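Trainee: Here it is, the structure, as structure tokens.
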Protein chains: 2
Amino acid sequence: MNGAESLVRTLVASGVEVCFGNPGTSEMHFVATLDRVDGMRAVLCLFEGVVTGAADGYGRMAGKPAATLLHLGPGLGNGFANLHNARRAGAPIVNVVGDHARYHGHHDAPLTSEVVGLARVCSHWVHSSLNAKSVAVDGARAVQAARATPGQIATLVLPADTAWEDVDGAAASLPVAAPAPVAGGSIDIVAQLLRAGKRTGILIRGAGLMAEGLEQAGRVAEATGAKLLCDTFVPRLQRGAGRVEVERIPYFAEQIVDALAGYENLILVGAQPPVSFFAYPGKPSWCTPEGCRITYLAQPNEDQVGALRALADALGAPAQPAKRARLQRPDLPTGALHQGSVGMAIAHWLPEGAVVIDEAATSGLAPYGFTTNAAPHDYLGLTGGSIGWGLPVAVGAAVACPDRKVVCLHGDGGAMYTVQALWTQAREKLDVINVIFANRSYAILNIELMRVGAGNGGPKALSMLDIGDPTLDFCKLAEGMGVAASRATTAEQFSEQFGDAVKQKGPRLIEVVL
Amino acid sequence: MNGAESLVRTLVASGVEVCFGNPGTSEMHFVATLDRVDGMRAVLCLFEGVVTGAADGYGRMAGKPAATLLHLGPGLGNGFANLHNARRAGAPIVNVVGDHARYHGHHDAPLTSEVVGLARVCSHWVHSSLNAKSVAVDGARAVQAARATPGQIATLVLPADTAWEDVDGAAASLPVAAPAPVAGGSIDIVAQLLRAGKRTGILIRGAGLMAEGLEQAGRVAEATGAKLLCDTFVPRLQRGAGRVEVERIPYFAEQIVDALAGYENLILVGAQPPVSFFAYPGKPSWCTPEGCRITYLAQPNEDQVGALRALADALGAPAQPAKRARLQRPDLPTGALHQGSVGMAIAHWLPEGAVVIDEAATSGLAPYGFTTNAAPHDYLGLTGGSIGWGLPVAVGAAVACPDRKVVCLHGDGGAMYTVQALWTQAREKLDVINVIFANRSYAILNIELMRVGAGNGGPKALSMLDIGDPTLDFCKLAEGMGVAASRATTAEQFSEQFGDAVKQKGPRLIEVVL
């Protein structure tokens, strides 16, 4: 057995079942191993930004890491942006980055770069294997690091000779630590604050936004009148009919300030205090009202669900919350096509258990609103703010959840970043409906141009925000990659096309002309 | 005037005329400035890998830097791979990377990342502006750094508040150092070696591969019988009819060893000793024969053309070389379509002054051979080995040379990496013929799989090298981005389509079905 095989066997033994990759020469031994080792599905992506985004989507939905297979520094560089998004989501990922053989690096061959230096910028854990016989255990350590709470980006650099040299065998999996329990004292402090009856918001993130966490949070809310809140961009939120609702904090700083006005307590459950996404001249970065006390119930590495349950119990809350979102399917929309009518149609058709991925940017607000009372579903948000995330994440979510419909809502500008993801959707016959909001603009930037105080913009400035010349034809792009596609220009057309796609399996793209 | 305007004015004053970009909120003041300052062309690209690749192509052809405009760490990350290629080419680039306002960074907003740490991995020169009043001079320093010999990657990180705060004015351009002269002693040593009559190769790179450098090298070769050589992947080579020929060193290590066998002297002119692109078990990394003496005539930062001229003079060489490539247009090919017939048709039709960009990988050998005697042209190679380079470089080369036809030869696998470049070609009406060699495979990897000793590969391994399922339709992809396209399956079809494209202006794509 060589080092590569010891690594793949160790990854499989550690629970890694999928590898998203775009390998090159330095990863060929890893690739060759895939036929000798059972239990590792290999998914080819045509660009590494798709690889890492798919691993993000998989990690969020499977709750455990996929591996990525990346080709030296440039391969990791291409994956950087979606690793950034994944890092901000607490998604677990194990990157395997092939590098030159140890004795080859000093020759400074064309693909030589500082792989470890690059990995440090985008990873929580980095290691470059020192010899073939340590590769297996390095792999086990990488999985262990990735499976921390919250999930981490673990990057294992694999010099080519450590992959091809002989080794004795694979390594055993390493134990995965459970989330740290929250000390009873912290729960008592929060319980006391809540009993004081002041106006309180409970800002939740991480496991607290899964159904069970929300159940416990709902008990707390009903016992105390506290408001349940979540960030604009959440890693994963279980919502829709039957689920306890949380109010989403808005995007812009001054809106956050308004939303939090009057709160005397802000309780953080796996979350951090909300801040402005960007800085703007004369606008606040810090959004919590002066005088509002911030208290951590659970840090991101702690057991958020357990803490919420203990808090609810301490408060003598009812065993179950009474208030939940009720199923309310909007009628199918007619007339003009806009994000409102799109949202109504999606909320109407959304099947139970769907996974909704939202990189719709300015077009996503209405769909988010309408789906509050849709069938229960998971909702994944753009946690790191780097566009080109949604289509790849749809790949990973669909691989993780083959029996669930994935609905990917995407702005046209962001979709072009990693449009190659459509090919992998077709190749793997993934059950994804991609809805592209074609406003032919980086629309958010037209708003931002004014918000930063740079004026309305002259023709040159505005041309840098406009992607309408020439018009992108997303149907041709999708068909060019093997994905069936259609275009909707009216609400009726969209309703029919989306409903049709829901009834079938396999990838589909609908271009929504706004 | 704000910091952003002082920067743009300084860049223009320093000779920067073009900015390739994909800006976001933190770059809005830079964008707004474009209408207030004359002399900066702004070119929007739909992905930052296109931005940096375009800057590479521009830098190689214009001989001076373009600016890029990138959005925080993820924007720079997306541009990493083509910055790697540019760095390996000695192409000058000035990156302007917007970052959070200085007072905002510690809030750890979603897009926060270690921008400077990332920049260090892919840049020669990095600076983050400390305040608005230093932005202008920082810009001048960045241009100065980029214009070193050979060109460098200079990355200026621009915190948003340094862009919007008031400043007094722009900065003057800084002097650009000429290439360092080569000491007479070095020239004497090489002249002496050459006079000794031993078998000698002169390996040339950088300015030495431009027409004037080759003239001087040709004089040396004719006076001494030395062989002129260049790397497999050259930043820029002026070749074709009328130009002094150089022999290209082959790609694989053992072929390099064969090609260099018998040489007693290897003279390096702006080049480094040739090494294997990758390491392989049992194959050499170092390719220069034992006992062959390596001597630097000129280092990469030195005046290669001046050194070759002085060497030729010291050797008493004729004023001009007698041997040059002669124009030899092949007949138009008929029958089967393969890289040979494609190469013949291109060599037949190639207009004088064309810029040929080669990311055709395994399909590029025959076109390279046939164009040796085509009309004089510039040839740009994939110096860093990171695929997804050619289509963006075509954007930059066409912007730099609006009166020259750009011919971009591309493998299908690499083309998918940065296929978004086609949209910018259409938007800017760039005069580019994109030839996509559609073998539906990462063909080189099928060879590499065996070369690394990993066997022939089982079905899972081979599936990771195969991009034929589903079939990519490059005509639809191109049309989806506004580029006229056609497909060729016979030599006659390709000849006609390519000839037709040569006669017209504007972007065009031809899918060559292999």
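Trainee: Which of B:Val97, B:Val275, A:Leu193 sits closest to the plus end of the dipole of the protein assembly as shown, meaning its Cα is farthest towards the positive end, when Lys and Arg get +1 and Asp and Glu get -1 on the C-beta?
Mentor: Most positive-ward Cα: A:Leu193.
Trainee: Taking amide hydrogens as modeled 1.01 Å from N in the peptide plane, which residues meet the under 5 Å criterion relative to B:Glu165, leaving out close sequence neighbours?
Mentor: Those qualifying (amide H under 5 Å, at least 5 residues apart or on another chain) are B:Gly3.
Trainee: Let me ask another. Going down the list A:Lys503/B:Lys460; A:Lys476/B:Lys460; B:Lys476/B:Lys505, which pairs span over 26 Å between their C-alpha atoms? Please list the in-between numbers first.
Mentor: On the way: A:Lys503/B:Lys460 31 Å; A:Lys476/B:Lys460 30 Å; B:Lys476/B:Lys505 20 Å.
From the list (A:Lys503/B:Lys460; A:Lys476/B:Lys460; B:Lys476/B:Lys505), the Cα-Cα distance tops 26 Å for A:Lys503/B:Lys460; A:Lys476/B:Lys460.
Trainee: Might you report the magnitude of the Cβ-based charge dipole of the protein assembly as shown about its Cα centre, with Lys and Arg at +1 and Asp and Glu at -1, to the nearest 20 debye? Present the calculation step by step, with values, prior to reporting the outcome.
Mentor: On the way: 82 positive and 94 negative charges, 35 e Å.
Using only the charged Cβ atoms, the result is roughly 160 debye.
Trainee: I'd like the antiparallel share, as a percent to the nearest 5, of DSSP beta bridges with both residues in segment B:184-314.
Mentor: Details: 1 of 17 bridges.
Bridges in segment B:184-314 are about 5 percent antiparallel.
Trainee: Is there a simple number for the mean count of other chain Cβ atoms within 10 Å of the Cβ of residues in B:122-130, and what is it? All intermediate terms of the calculation are to be shown ahead of the outcome.
Mentor: On the way: counts 7, 0, 0, 0, 0, 0, 0, 0, 0.
That average works out to 1.
Trainee: Could I ask something else about it? Count, for each residue of B:15-26, the Cβ atoms from other chains sitting within 10 Å of its Cβ, then give me the mean as a whole number. Spell out each step's value before the answer.
Mentor: Values: counts 0, 0, 0, 0, 1, 0, 1, 6, 7, 9, 12, 4.
Mean inter-chain Cβ contacts per residue within 10 Å come to 3.
Trainee: Looking down the axis that turns A into B, which residue of A has the closest beta carbon, and how many Å out?
Mentor: A:Lys476, 2
Trainee: Further, regarding this structure: If neighbour count is taken as other Cβ atoms inside 10 Å, put A:Tyr379, B:Tyr251, B:Tyr368 in order from fewest to most. Let's see the in-between values first.
Mentor: Working: A:Tyr379 23, B:Tyr251 16, B:Tyr368 20.
Lowest count first: B:Tyr251, B:Tyr368, A:Tyr379.
Trainee: While we're on this one: Which percentage, to the nearest 5, of the DSSP beta bridges contained in the protein assembly as shown is antiparallel? Don't skip to the answer; put the middle values down first.
Mentor: Values: 14 of 150 bridges.
Given both bridge residues lie in the protein assembly as shown, the antiparallel proportion sits at roughly 10 percent.
Trainee: Distances from B:Gln320 to the same residue in each other copy, label points 7 Å out along Cα→Cβ, in nm, shortest first?
Mentor: 9.5
Trainee: Follow-up. Note down the net charge around A:Gly105, summing +1 for each Lys or Arg and -1 for each Asp or Glu among other residues with Cβ under 11 Å from its Cβ. Write out the running numbers ahead of the final one.
Mentor: Working: positive: A:Arg102; negative: A:Asp99, A:Asp108, A:Glu114, A:Asp161.
Around A:Gly105, the surrounding residues sum to -3.
Trainee: If you put +1 on each Lys and Arg Cβ and -1 on each Asp and Glu Cβ, how big is the dipole of segment B:23-173 around its Cα centre, in Debye rounded to 20? Display every interim value, and only then the final one.
Mentor: Working: 11 positive and 13 negative charges, 143 e Å.
With only Lys, Arg, Asp and Glu charged at Cβ, the dipole is about 680 debye.
Trainee: Just how large is the dipole of segment A:450-514 about the Cα centre, in debye to the nearest 20, putting +1 at every Lys and Arg Cβ and -1 at every Asp and Glu Cβ?
Mentor: Computed about the Cα centre, the dipole is about 220 debye.
Trainee: Which residue, chosen from A:Ala42, A:Ile256, A:Ile346, occupies the Cα position most advanced towards the positive end of the dipole of the protein assembly as shown, where the dipole is computed from +1 (Lys, Arg) and -1 (Asp, Glu) charges on Cβ about the Cα centre?
Mentor: Looking along the dipole axis, the top candidate is A:Ile256.
Trainee: Using θ = phi - 60° and the Karplus form 6.51 cos²θ - 1.76 cosθ + 1.60, what ³J(HN,Hα) does each residue of segment A:364-381 get, whole Hz, x for Gly and Pro?
Mentor: Once θ is set to phi - 60°, the couplings for segment A:364-381 become x, 5, 5, x, 4, x, 5, 7, 4, 10, 7, 4, x, 7, 9, 10, 10, x Hz.
Trainee: Rounded to the nearest 0.05, what FRET efficiency do B:Ala484 and B:Asp38 have when you use their Cβ-Cβ distance and R0 = 35 Å?
Mentor: Working: r = 33 Å, r/R0 = 0.94.
Efficiency at R0 = 35 Å is approximately 0.60.
Trainee: Which FRET efficiency value, to the nearest 0.05, is calculated for A:Glu496 and A:Thr471 with the Förster distance at 30 angstrom and r the Cβ-Cβ distance? Working shown, then result.
Mentor: Details: r = 23 Å, r/R0 = 0.77.
The calculated FRET efficiency here is 0.85.
Trainee: Amide H of A:Asp99 versus every other amide H placed in the peptide plane: which residues, excluding those fewer than 5 positions away on the same chain, fall under 5 Å?
Mentor: Those qualifying (amide H under 5 Å, at least 5 residues apart or on another chain) are A:Leu158, A:Ala160.
Trainee: Ignore the peptide's own chain and count Cβ atoms of other chains within 10 Å of each Cβ in A:387-394; give me the average, rounded. Could the numbers behind the result be given before it?
Mentor: Details: counts 7, 5, 1, 0, 0, 0, 0, 0.
For peptide A:387-394, the averaged partner shielding equals 2.
Trainee: To continue, here is another question. For A:Trp286 and A:Asp313, FRET efficiency with R0 = 35 Å and r from the beta-carbon atoms, rounded to 0.05? All intermediate terms of the calculation are to be shown ahead of the outcome.
Mentor: On the way: r = 33 Å, r/R0 = 0.95.
My answer for the efficiency is 0.55.
Trainee: Shortest first and in nm to one decimal, what separations exist between A:Ala172 and its copies in the other chains, measuring from label points 7 Å along the Cα-to-beta-carbon line?
Mentor: Copy-to-copy label distances at A:Ala172, shortest first: 7.3 nm.
Trainee: Show me B:446-454, A:338-346 ranked by packing, highest mean number of other Cβ atoms within 10 Å first.
Mentor: On the way: B:446-454: 19.1, A:338-346: 23.4.
Listed from highest to lowest mean packing, they are A:338-346, B:446-454.
Trainee: For a protection proxy built on the mean count of beta-carbon atoms within 10 angstrom, sort A:140-152, B:29-41, A:485-497 highest first, please.
Mentor: Numbers: A:140-152: 22.8, B:29-41: 21.1, A:485-497: 19.0.
In descending order of packing, they fall as A:140-152, B:29-41, A:485-497.
Trainee: Taking a point 7 Å out from Cα toward Cβ as the label site, list the nm distances between B:Arg41 and the same residue in every other copy, smallest first.
Mentor: Distances between equivalent label points, in nm: 4.8.
Trainee: So, one more: Please work out the Cα center distance from segment B:329-370 to segment A:376-425, rounded to the nearest Å.
Mentor: Value for the Cα centre distance between the two parts: 40 Å.
Trainee: If each DSSP helix of 4+ residues adds -39,500 (n - 2.57) and the sum is divided by the residues in the protein assembly as shown, what number results at 222 nm, nearest 500 deg cm²/dmol?
Mentor: Counting only the DSSP helices, I get -11000 deg cm²/dmol.
Trainee: Continuing with this model, one more query. Can you give me the relative contact order of chain A as a percent, contacts being Cα pairs under 8 Å and 6 or more apart? Please list the in-between numbers first.
Mentor: Numbers: 1259 pairs, mean separation 73.9, N = 514.
Reported as a whole number, the value is 14 percent.
Trainee: Hey, another quick one. Considering only chain A, what is the antiparallel percent among its DSSP beta bridges, to the nearest 5? All intermediate terms of the calculation are to be shown ahead of the outcome.
Mentor: Details: 7 of 75 bridges.
Once the DSSP bridges in chain A are tallied, antiparallel ones form about 10 percent.
Trainee: Given H placed 1.01 Å from N in the peptide plane, which residues other than close sequence neighbours of A:Val435 have an amide H under 5 Å from its amide H?
Mentor: Sorted by chain and number, the residues that satisfy this are A:Cys408, A:Leu409, A:His410, A:Ile510.
Quick note: the coordinates plus some simple rules give every number you see, no bench work behind them. Just so we're clear, the structure is a prediction, and the values are computed from it rather than from any experiment. Ideal geometry is used to build each Cβ from the backbone, glycine not excepted, and the neighbour counts take in all protein chains shown.
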